[in-house]
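The values are calculated or read from the model by the stated rules, or taken from the named source; none is laboratory data. Owing to the predicted nature of the structure, the values given are computational and were not obtained by experimental measurement. As a convention, Cβ positions derive from the backbone with ideal geometry for all residues, glycine included, and neighbour counts pool all protein chains shown.
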Amino acid sequence: MKIFKKSFTQQEAIPESAIEDAVEVLRTGRLHRYNAIEGEQTPTELLELEFAEYLGVPYCLAVTSGGYALQIAMRAAGVEAGDRILCNAFTLAPVPGAIHNTGAVPVLVEANEDYCIDLDDLETKAKDSDAKFFMLSHMRGHIADMDRIMEICDTYNIFLIEDCAHTMGAKWNGKNSGTFGDIACFSNQTYKHINSGEGGFLTTTDPEIMAKAIMYSGSYMLFDRHLAAPPVEVFEQIRFETPNFSGRMDNLRAAILRPQLKDIQRQCERWNERYYVLEAGFKKSDAIHIPERPEKEQFVASSIQFSVLDFDRNQIAMLQSKCAERGVMLKWFGGAEPTGYTSRYDSWKYIDDMPKLKKTEEILETLMDMRIPLTFNLDDCQLIAEIVVEEANAIAE
Ligand SMILES: *Cc1c(COP(=O)(O)O)cnc(C)c1O
(Lines give C-alpha, C1' and ligand atoms only; values in the text may rest on other atoms or scores of the structure.)
Protein backbone atom coordinates (compact mmCIF):
# COMPACT_ATOMS: atom_id res chain seq x y z
CA MET A 1 0.00 0.00 0.00
CA LYS A 2 1.41 3.34 -1.04
CA ILE A 3 1.93 5.96 1.63
CA PHE A 4 2.50 9.69 1.20
CA LYS A 5 5.27 11.09 3.37
CA LYS A 6 5.41 14.87 2.93
CA SER A 7 3.88 17.44 5.25
CA PHE A 8 0.74 19.34 4.27
CA THR A 9 1.82 22.29 6.37
CA GLN A 10 5.35 22.64 4.97
CA GLN A 11 5.60 25.65 2.68
CA GLU A 12 8.61 26.45 0.54
CA ALA A 13 11.65 28.12 2.07
CA ILE A 14 11.83 31.89 1.85
CA PRO A 15 13.84 32.74 -1.30
CA GLU A 16 17.56 33.40 -0.72
CA SER A 17 17.32 36.96 -2.00
CA ALA A 18 14.58 37.68 0.54
CA ILE A 19 16.71 36.19 3.30
CA GLU A 20 19.60 38.46 2.26
CA ASP A 21 17.31 41.50 2.25
CA ALA A 22 15.96 40.54 5.67
CA VAL A 23 19.47 40.16 7.09
CA GLU A 24 20.34 43.55 5.66
CA VAL A 25 17.40 45.12 7.52
CA LEU A 26 18.49 43.38 10.72
CA ARG A 27 22.01 44.78 10.27
CA THR A 28 20.66 48.34 10.06
CA GLY A 29 18.51 47.87 13.15
CA ARG A 30 15.83 50.00 11.47
CA LEU A 31 12.90 47.61 11.68
CA HIS A 32 10.13 50.11 12.38
CA ARG A 33 8.53 51.28 9.16
CA TYR A 34 9.09 54.96 9.92
CA ASN A 35 12.67 54.51 11.10
CA ALA A 36 14.61 55.74 8.06
CA ILE A 37 17.74 57.77 7.47
CA GLU A 38 17.46 60.99 5.46
CA GLY A 39 16.13 60.34 1.97
CA GLU A 40 15.74 56.58 2.49
CA GLN A 41 12.71 54.74 1.18
CA THR A 42 12.00 51.91 3.59
CA PRO A 43 11.16 48.35 2.51
CA THR A 44 7.60 48.84 3.83
CA GLU A 45 7.00 51.96 1.72
CA LEU A 46 8.45 50.24 -1.35
CA LEU A 47 6.42 47.09 -0.77
CA GLU A 48 3.21 49.14 -0.68
CA LEU A 49 4.17 50.90 -3.88
CA GLU A 50 5.03 47.62 -5.59
CA PHE A 51 1.84 45.89 -4.51
CA ALA A 52 -0.29 48.86 -5.65
CA GLU A 53 1.44 48.73 -9.04
CA TYR A 54 1.04 44.98 -9.24
CA LEU A 55 -2.68 45.17 -8.53
CA GLY A 56 -3.22 48.28 -10.65
CA VAL A 57 -4.57 50.58 -7.94
CA PRO A 58 -3.21 53.90 -6.62
CA TYR A 59 -3.25 53.11 -2.90
CA CYS A 60 -1.95 50.30 -0.73
CA LEU A 61 -1.35 50.02 3.01
CA ALA A 62 0.63 47.15 4.55
CA VAL A 63 -0.51 46.02 8.00
CA THR A 64 0.00 43.30 10.61
CA SER A 65 -2.48 40.72 9.31
CA GLY A 66 -5.29 40.03 6.89
CA GLY A 67 -7.85 40.08 9.70
CA TYR A 68 -6.56 43.45 10.83
CA ALA A 69 -6.87 44.79 7.26
CA LEU A 70 -10.52 43.66 7.23
CA GLN A 71 -11.26 45.46 10.45
CA ILE A 72 -9.55 48.70 9.38
CA ALA A 73 -11.31 48.48 6.00
CA MET A 74 -14.71 48.48 7.68
CA ARG A 75 -13.79 51.34 9.98
CA ALA A 76 -12.42 53.42 7.07
CA ALA A 77 -15.63 52.66 5.17
CA GLY A 78 -17.60 54.22 8.02
CA VAL A 79 -18.99 51.09 9.64
CA GLU A 80 -20.42 51.87 13.06
CA ALA A 81 -21.53 49.75 16.01
CA GLY A 82 -24.84 48.07 15.23
CA ASP A 83 -24.45 48.28 11.44
CA ARG A 84 -25.32 45.14 9.55
CA ILE A 85 -22.75 43.62 7.22
CA LEU A 86 -23.49 40.98 4.63
CA CYS A 87 -20.86 38.25 4.59
CA ASN A 88 -20.34 34.62 3.59
CA ALA A 89 -21.48 32.00 6.07
CA PHE A 90 -18.72 29.83 4.57
CA THR A 91 -15.58 31.77 5.44
CA LEU A 92 -12.72 31.78 7.93
CA ALA A 93 -13.20 32.86 11.53
CA PRO A 94 -11.22 36.15 11.22
CA VAL A 95 -13.99 37.52 8.96
CA PRO A 96 -16.92 37.42 11.40
CA GLY A 97 -14.32 38.24 14.07
CA ALA A 98 -13.31 41.47 12.32
CA ILE A 99 -16.98 42.42 11.90
CA HIS A 100 -17.63 41.76 15.58
CA ASN A 101 -14.57 43.81 16.48
CA THR A 102 -16.12 46.91 14.88
CA GLY A 103 -19.35 46.38 16.85
CA ALA A 104 -21.20 45.56 13.64
CA VAL A 105 -23.38 42.50 13.10
CA PRO A 106 -22.79 39.92 10.36
CA VAL A 107 -25.72 38.99 8.13
CA LEU A 108 -24.58 35.56 7.00
CA VAL A 109 -25.30 34.60 3.40
CA GLU A 110 -25.63 30.98 2.24
CA ALA A 111 -23.02 29.08 0.24
CA ASN A 112 -23.89 27.27 -2.99
CA GLU A 113 -22.86 24.05 -4.78
CA ASP A 114 -19.87 25.80 -6.37
CA TYR A 115 -18.53 26.67 -2.89
CA CYS A 116 -19.18 30.37 -3.60
CA ILE A 117 -21.57 32.75 -1.89
CA ASP A 118 -25.16 32.06 -3.00
CA LEU A 119 -26.17 35.02 -5.14
CA ASP A 120 -29.93 34.54 -4.84
CA ASP A 121 -29.66 34.55 -1.06
CA LEU A 122 -27.32 37.55 -1.30
CA GLU A 123 -29.87 39.45 -3.38
CA THR A 124 -32.71 38.58 -1.00
CA LYS A 125 -30.72 39.66 2.04
CA ALA A 126 -29.43 42.81 0.31
CA LYS A 127 -33.07 43.70 -0.33
CA ASP A 128 -34.59 42.67 2.99
CA SER A 129 -31.88 43.61 5.47
CA ASP A 130 -30.76 47.21 5.85
CA ALA A 131 -27.12 46.23 5.33
CA LYS A 132 -25.14 48.89 3.51
CA PHE A 133 -21.89 46.93 3.55
CA PHE A 134 -20.84 43.60 2.10
CA MET A 135 -17.70 41.72 3.11
CA LEU A 136 -17.16 39.19 0.34
CA SER A 137 -14.73 36.32 0.96
CA HIS A 138 -13.37 34.58 -2.11
CA MET A 139 -13.26 31.59 0.18
CA ARG A 140 -10.62 28.96 -0.64
CA GLY A 141 -9.99 30.88 -3.88
CA HIS A 142 -13.47 30.39 -5.37
CA ILE A 143 -14.66 33.56 -7.12
CA ALA A 144 -18.41 34.03 -7.43
CA ASP A 145 -19.93 35.67 -10.52
CA MET A 146 -18.48 39.16 -10.04
CA ASP A 147 -20.67 40.64 -12.78
CA ARG A 148 -23.80 39.75 -10.84
CA ILE A 149 -22.27 40.77 -7.51
CA MET A 150 -21.48 44.23 -8.86
CA GLU A 151 -25.04 44.50 -10.17
CA ILE A 152 -26.45 43.63 -6.75
CA CYS A 153 -24.13 46.12 -5.01
CA ASP A 154 -25.11 48.86 -7.48
CA THR A 155 -28.82 48.14 -7.21
CA TYR A 156 -28.90 48.22 -3.40
CA ASN A 157 -26.16 50.82 -3.00
CA ILE A 158 -23.92 48.49 -1.04
CA PHE A 159 -20.30 49.19 -0.17
CA LEU A 160 -18.17 46.20 -1.16
CA ILE A 161 -15.08 44.99 0.70
CA GLU A 162 -13.31 42.06 -0.95
CA ASP A 163 -11.54 39.54 1.26
CA CYS A 164 -8.83 38.32 -1.11
CA ALA A 165 -6.94 36.14 1.37
CA HIS A 166 -7.03 33.30 -1.21
CA THR A 167 -7.12 35.27 -4.45
CA MET A 168 -3.86 37.19 -4.60
CA GLY A 169 -2.89 36.72 -8.26
CA ALA A 170 -6.36 35.59 -9.37
CA LYS A 171 -8.67 37.31 -11.83
CA TRP A 172 -12.32 37.40 -12.85
CA ASN A 173 -12.71 37.85 -16.60
CA GLY A 174 -9.21 39.29 -16.88
CA LYS A 175 -9.66 41.82 -14.06
CA ASN A 176 -7.65 41.41 -10.86
CA SER A 177 -9.44 40.03 -7.84
CA GLY A 178 -9.41 42.92 -5.38
CA THR A 179 -10.19 45.61 -7.97
CA PHE A 180 -13.96 45.08 -7.99
CA GLY A 181 -14.83 46.29 -4.51
CA ASP A 182 -14.42 49.69 -2.87
CA ILE A 183 -11.69 48.16 -0.71
CA ALA A 184 -9.76 44.90 -0.89
CA CYS A 185 -7.85 43.06 1.83
CA PHE A 186 -5.08 40.49 1.42
CA SER A 187 -3.21 38.23 3.82
CA ASN A 188 0.52 37.45 3.85
CA GLN A 189 0.17 34.79 6.47
CA THR A 190 2.19 31.59 5.93
CA TYR A 191 -0.64 29.62 4.29
CA LYS A 192 -1.55 32.31 1.75
CA HIS A 193 0.20 33.28 -1.49
CA ILE A 194 3.17 35.23 -0.18
CA ASN A 195 4.61 34.45 3.22
CA SER A 196 5.94 36.71 5.95
CA GLY A 197 4.46 34.66 8.78
CA GLU A 198 1.88 37.37 9.42
CA GLY A 199 0.92 40.43 7.43
CA GLY A 200 -1.74 41.93 5.22
CA PHE A 201 -2.58 44.61 2.65
CA LEU A 202 -5.48 46.99 2.29
CA THR A 203 -5.99 48.51 -1.17
CA THR A 204 -8.44 51.07 -2.55
CA THR A 205 -8.84 53.75 -5.19
CA ASP A 206 -10.53 56.13 -2.74
CA PRO A 207 -8.16 58.78 -1.29
CA GLU A 208 -10.16 59.48 1.87
CA ILE A 209 -10.53 55.82 2.71
CA MET A 210 -6.80 55.30 2.33
CA ALA A 211 -6.04 58.36 4.44
CA LYS A 212 -8.27 57.01 7.22
CA ALA A 213 -6.82 53.51 6.94
CA ILE A 214 -3.28 54.89 7.24
CA MET A 215 -4.19 56.87 10.37
CA TYR A 216 -6.00 53.87 11.89
CA SER A 217 -3.00 51.62 11.21
CA GLY A 218 -0.90 53.76 13.54
CA SER A 219 0.94 56.24 11.32
CA TYR A 220 1.05 58.94 14.02
CA MET A 221 1.69 62.17 12.09
CA LEU A 222 4.07 60.38 9.72
CA PHE A 223 1.34 59.79 7.13
CA ASP A 224 3.43 61.61 4.53
CA ARG A 225 5.89 58.70 4.66
CA HIS A 226 3.80 56.51 2.37
CA LEU A 227 4.46 56.10 -1.35
CA ALA A 228 1.12 54.52 -2.33
CA ALA A 229 -1.01 57.09 -0.51
CA PRO A 230 -3.05 60.19 -1.37
CA PRO A 231 -1.50 63.70 -1.11
CA VAL A 232 -1.09 65.19 2.39
CA GLU A 233 -3.99 67.63 1.90
CA VAL A 234 -6.37 64.67 2.15
CA PHE A 235 -5.21 64.13 5.75
CA GLU A 236 -6.01 67.73 6.78
CA GLN A 237 -8.99 66.82 8.98
CA ILE A 238 -8.72 63.04 8.93
CA ARG A 239 -5.50 63.09 10.98
CA PHE A 240 -7.36 64.62 13.94
CA GLU A 241 -10.53 62.59 13.62
CA THR A 242 -9.06 59.09 13.29
CA PRO A 243 -7.89 57.08 16.30
CA ASN A 244 -4.62 55.11 16.21
CA PHE A 245 -5.34 51.36 16.23
CA SER A 246 -1.66 50.43 15.99
CA GLY A 247 -1.18 47.58 13.48
CA ARG A 248 1.71 48.54 11.21
CA MET A 249 3.78 46.35 8.89
CA ASP A 250 7.49 46.37 9.74
CA ASN A 251 10.58 46.53 7.51
CA LEU A 252 11.71 43.01 8.27
CA ARG A 253 8.55 41.41 6.97
CA ALA A 254 8.38 43.86 4.07
CA ALA A 255 11.90 42.82 3.07
CA ILE A 256 10.84 39.16 3.13
CA LEU A 257 7.77 39.89 0.98
CA ARG A 258 9.23 42.07 -1.78
CA PRO A 259 11.15 39.34 -3.67
CA GLN A 260 8.15 36.97 -3.28
CA LEU A 261 5.83 39.53 -4.85
CA LYS A 262 8.12 39.74 -7.89
CA ASP A 263 7.73 35.99 -8.36
CA ILE A 264 4.04 35.63 -7.66
CA GLN A 265 2.90 35.02 -11.23
CA ARG A 266 5.13 31.97 -11.54
CA GLN A 267 4.08 30.68 -8.12
CA CYS A 268 0.41 30.93 -9.10
CA GLU A 269 1.12 28.89 -12.22
CA ARG A 270 2.87 26.26 -10.12
CA TRP A 271 -0.15 25.99 -7.81
CA ASN A 272 -2.44 25.49 -10.76
CA GLU A 273 -0.20 22.85 -12.37
CA ARG A 274 -0.54 20.87 -9.14
CA TYR A 275 -4.27 21.53 -8.93
CA TYR A 276 -4.91 20.16 -12.41
CA VAL A 277 -3.04 16.93 -11.64
CA LEU A 278 -5.07 16.48 -8.44
CA GLU A 279 -8.36 17.37 -10.13
CA ALA A 280 -7.81 14.94 -13.01
CA GLY A 281 -6.84 12.24 -10.51
CA PHE A 282 -9.80 12.81 -8.17
CA LYS A 283 -12.22 12.74 -11.09
CA LYS A 284 -11.37 9.07 -11.61
CA SER A 285 -13.61 8.21 -8.67
CA ASP A 286 -17.39 8.39 -9.04
CA ALA A 287 -17.59 9.06 -5.30
CA ILE A 288 -15.78 12.39 -5.71
CA HIS A 289 -17.51 15.42 -7.16
CA ILE A 290 -15.65 18.55 -8.24
CA PRO A 291 -17.82 21.40 -9.57
CA GLU A 292 -16.99 22.88 -13.00
CA ARG A 293 -15.34 26.24 -12.57
CA PRO A 294 -16.55 29.08 -14.79
CA GLU A 295 -14.33 30.16 -17.67
CA LYS A 296 -14.25 33.71 -16.38
CA GLU A 297 -12.68 32.55 -13.13
CA GLN A 298 -8.89 32.66 -13.40
CA PHE A 299 -8.22 31.12 -10.04
CA VAL A 300 -5.07 30.39 -8.04
CA ALA A 301 -5.49 26.98 -6.48
CA SER A 302 -3.39 26.92 -3.35
CA SER A 303 -5.92 24.39 -2.11
CA ILE A 304 -8.46 22.00 -3.64
CA GLN A 305 -12.04 21.22 -2.60
CA PHE A 306 -14.34 18.35 -3.51
CA SER A 307 -17.63 16.88 -2.33
CA VAL A 308 -18.42 13.27 -1.48
CA LEU A 309 -22.11 13.74 -2.15
CA ASP A 310 -23.26 10.18 -1.49
CA PHE A 311 -21.28 9.64 1.71
CA ASP A 312 -22.90 9.85 5.13
CA ARG A 313 -21.07 11.31 8.11
CA ASN A 314 -19.57 7.97 9.13
CA GLN A 315 -18.22 7.34 5.67
CA ILE A 316 -16.70 10.81 5.54
CA ALA A 317 -15.02 10.35 8.91
CA MET A 318 -13.75 7.01 7.62
CA LEU A 319 -12.39 8.58 4.42
CA GLN A 320 -10.62 11.20 6.47
CA SER A 321 -9.00 8.68 8.82
CA LYS A 322 -8.13 6.15 6.09
CA CYS A 323 -6.43 8.88 4.06
CA ALA A 324 -4.67 10.21 7.16
CA GLU A 325 -3.28 6.70 7.84
CA ARG A 326 -1.68 6.92 4.41
CA GLY A 327 -0.34 10.43 4.99
CA VAL A 328 -3.00 12.43 3.16
CA MET A 329 -4.56 15.15 5.29
CA LEU A 330 -8.09 16.08 4.29
CA LYS A 331 -10.10 18.70 6.10
CA TRP A 332 -13.82 18.34 6.51
CA PHE A 333 -15.82 21.52 6.77
CA GLY A 334 -18.88 19.61 7.93
CA GLY A 335 -17.31 18.35 11.15
CA ALA A 336 -19.47 19.06 14.19
CA GLU A 337 -16.53 20.22 16.31
CA PRO A 338 -14.32 23.05 15.02
CA THR A 339 -10.77 21.68 14.55
CA GLY A 340 -7.52 23.28 13.41
CA TYR A 341 -8.30 26.26 11.21
CA THR A 342 -11.78 25.12 10.22
CA SER A 343 -14.93 26.16 12.00
CA ARG A 344 -18.50 26.12 10.79
CA TYR A 345 -20.61 29.27 11.12
CA ASP A 346 -22.69 27.82 13.94
CA SER A 347 -19.62 27.63 16.17
CA TRP A 348 -19.40 31.46 16.21
CA LYS A 349 -21.67 31.63 19.23
CA TYR A 350 -20.94 35.31 19.90
CA ILE A 351 -23.18 36.24 16.99
CA ASP A 352 -26.68 36.95 18.31
CA ASP A 353 -29.79 35.54 16.64
CA MET A 354 -27.80 33.22 14.42
CA PRO A 355 -30.09 32.01 11.65
CA LYS A 356 -30.10 28.38 10.54
CA LEU A 357 -28.48 28.23 7.11
CA LYS A 358 -29.75 24.97 5.70
CA LYS A 359 -28.16 25.20 2.30
CA THR A 360 -24.73 26.04 3.71
CA GLU A 361 -24.94 23.15 6.14
CA GLU A 362 -25.89 20.82 3.33
CA ILE A 363 -22.93 21.98 1.22
CA LEU A 364 -20.45 21.78 4.10
CA GLU A 365 -21.78 18.39 5.16
CA THR A 366 -19.91 16.66 2.30
CA LEU A 367 -17.19 19.22 1.58
CA MET A 368 -13.56 18.12 1.82
CA ASP A 369 -10.58 20.39 1.53
CA MET A 370 -6.88 19.87 0.98
CA ARG A 371 -3.95 22.26 1.01
CA ILE A 372 -1.54 22.23 -1.91
CA PRO A 373 1.85 23.36 -0.59
CA LEU A 374 4.38 24.12 -3.32
CA THR A 375 6.77 21.68 -1.64
CA PHE A 376 4.68 18.97 -3.37
CA ASN A 377 5.75 18.11 -6.91
CA LEU A 378 3.51 16.79 -9.68
CA ASP A 379 4.32 13.16 -8.84
CA ASP A 380 3.32 13.83 -5.24
CA CYS A 381 -0.02 15.16 -6.45
CA GLN A 382 -0.50 12.08 -8.61
CA LEU A 383 0.15 9.83 -5.62
CA ILE A 384 -2.18 11.81 -3.35
CA ALA A 385 -4.97 11.54 -5.90
CA GLU A 386 -4.36 7.79 -6.20
CA ILE A 387 -4.61 7.32 -2.44
CA VAL A 388 -7.78 9.40 -2.06
CA VAL A 389 -9.45 7.65 -5.00
CA GLU A 390 -8.56 4.17 -3.69
CA GLU A 391 -9.92 4.95 -0.25
CA ALA A 392 -13.05 6.69 -1.53
CA ASN A 393 -13.84 3.82 -3.88
CA ALA A 394 -13.30 1.25 -1.14
CA ILE A 395 -15.75 3.07 1.12
CA ALA A 396 -18.27 3.54 -1.66
CA GLU A 397 -18.47 -0.20 -2.32
C1 LIG B 1 -6.51 33.76 6.23
C2 LIG B 1 -7.80 34.39 6.00
C3 LIG B 1 -8.11 35.67 6.50
C4 LIG B 1 -7.29 36.42 7.50
O5 LIG B 1 -5.96 36.43 7.34
P6 LIG B 1 -4.94 36.52 8.60
O7 LIG B 1 -3.77 37.18 7.93
O8 LIG B 1 -4.70 35.15 9.08
O9 LIG B 1 -5.55 37.42 9.62
C10 LIG B 1 -9.32 36.22 6.13
N11 LIG B 1 -10.18 35.58 5.34
C12 LIG B 1 -9.95 34.36 4.86
C13 LIG B 1 -10.97 33.71 3.99
C14 LIG B 1 -8.75 33.72 5.18
O15 LIG B 1 -8.53 32.48 4.72
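How many residues are in contact with a Ser or Thr (Cβ under 6 Å, 6 or more places away or on another chain) and part of a helix (DSSP H, G or I) if we restrict to the stretch 369-392? Qualifying residue count, the stretch 369-392: 2. Among the residues of the stretch 310-331, is any under 19 Å from the mean Cα position of the chain (by Cα) and either among the hydrophobic types (A, V, I, L, M, F, W, C) or not assigned by TED's automatic domain parsing to the domain that holds THR167 (or both)? There is at least one residue in the stretch 310-331 that is under 19 Å from the mean Cα position of the chain (by Cα) and either among the hydrophobic types (A, V, I, L, M, F, W, C) or not assigned by TED's automatic domain parsing to the domain that holds THR167 (or both). Within the stretch 338-397, the set of residues being among the hydroxyl-bearing types (Ser, Thr, Tyr) and out of contact with any helix residue (DSSP H, G or I) (no Cβ under 9 Å at 6 or more places or on another chain) comprises THR339, TYR341, THR342, SER343, SER347, THR375.
If we scan the stretch 97-115, do we find a residue that is away from the ligand (no atom under 16 Å from the Cβ), surrounded by 23 or more Cβ atoms within 10 Å (Cβ to Cβ) and in a helix (DSSP H, G or I)? There is no residue in the stretch 97-115 that is away from the ligand (no atom under 16 Å from the Cβ), surrounded by 23 or more Cβ atoms within 10 Å (Cβ to Cβ) and in a helix (DSSP H, G or I). When the stretch 223-234 is filtered for residues that are of a type in the set (A, V, I, L, M) and either assigned to a helix (DSSP H, G or I) or within 16 Å of the ligand (Cβ to nearest atom) (or both), the ones remaining, listed by number, are VAL232, VAL234.
Being in contact (Cβ under 8 Å) with a residue 60 or more places away in the chain and assigned to a helix (DSSP H, G or I) is the filter here, so list the residues in the stretch 359-368 that pass it. Matches in the stretch 359-368: LYS359, THR360, ILE363, LEU364. Taking residues in the stretch 328-342 that are of a type in the set (Phe, Trp, Tyr), and partners anywhere that are in a strand (DSSP E or B) and away from the ligand (no atom under 16 Å from the Cβ), the pairs with Cβ atoms closer than 8 Å and at least 6 places apart or on different chains are TRP332/MET368; PHE333/MET368.
Among the residues making up the stretch 344-368, those that are within 16 Å of the ligand (Cβ to nearest atom) and over 17 Å from ILE117 (Cα atoms) are SER347, TRP348. SER321 passes every criterion in (1) buried (at least 19 other Cβ atoms within 10 Å of the Cβ); (2) over 24 Å from SER187 (Cβ atoms); (3) of a type in the set (S, T, N, Q) apart from (1).
Residues of the stretch 80-95 that are β-branched (Val, Ile, Thr) and either near the ligand (Cβ under 10 Å from one of its atoms) or more than 21 Å from the chain's Cα centre (by Cα) (or both): THR91, VAL95. Within the stretch 185-222, restricting attention to residues that are in a helix (DSSP H, G or I) and touching a Phe, Trp or Tyr at 6+ places or on another chain (Cβ under 6 Å), the residue that is nearest to the ligand (Cβ to nearest atom) is TYR216. Restricting attention to the stretch 150-179, the residues being more than 16 Å from the ligand (Cβ to nearest atom) and outside any strand (DSSP E or B) number 12. Kindly state which helices (runs of 4 or more DSSP H) lie completely within the stretch 235-314 and contain at least 2 residues that are touching a Gly at 6+ places or on another chain (Cβ under 8 Å) and buried (at least 21 other Cβ atoms within 10 Å of the Cβ). Per the criteria, 251-262. Across the stretch 119-145, the qualifying residues are those that are assigned to a loop (DSSP other than H, G, I, E, B) and among the acidic types (Asp, Glu), and the one among them that is farthest from the ligand (Cβ to nearest atom) is ASP130. Within the stretch 315-348, how many residues are of a type in the set (Lys, Arg) and assigned to a helix (DSSP H, G or I)? Summing the residues that are of a type in the set (Lys, Arg) and assigned to a helix (DSSP H, G or I) in the stretch 315-348 gives 1.
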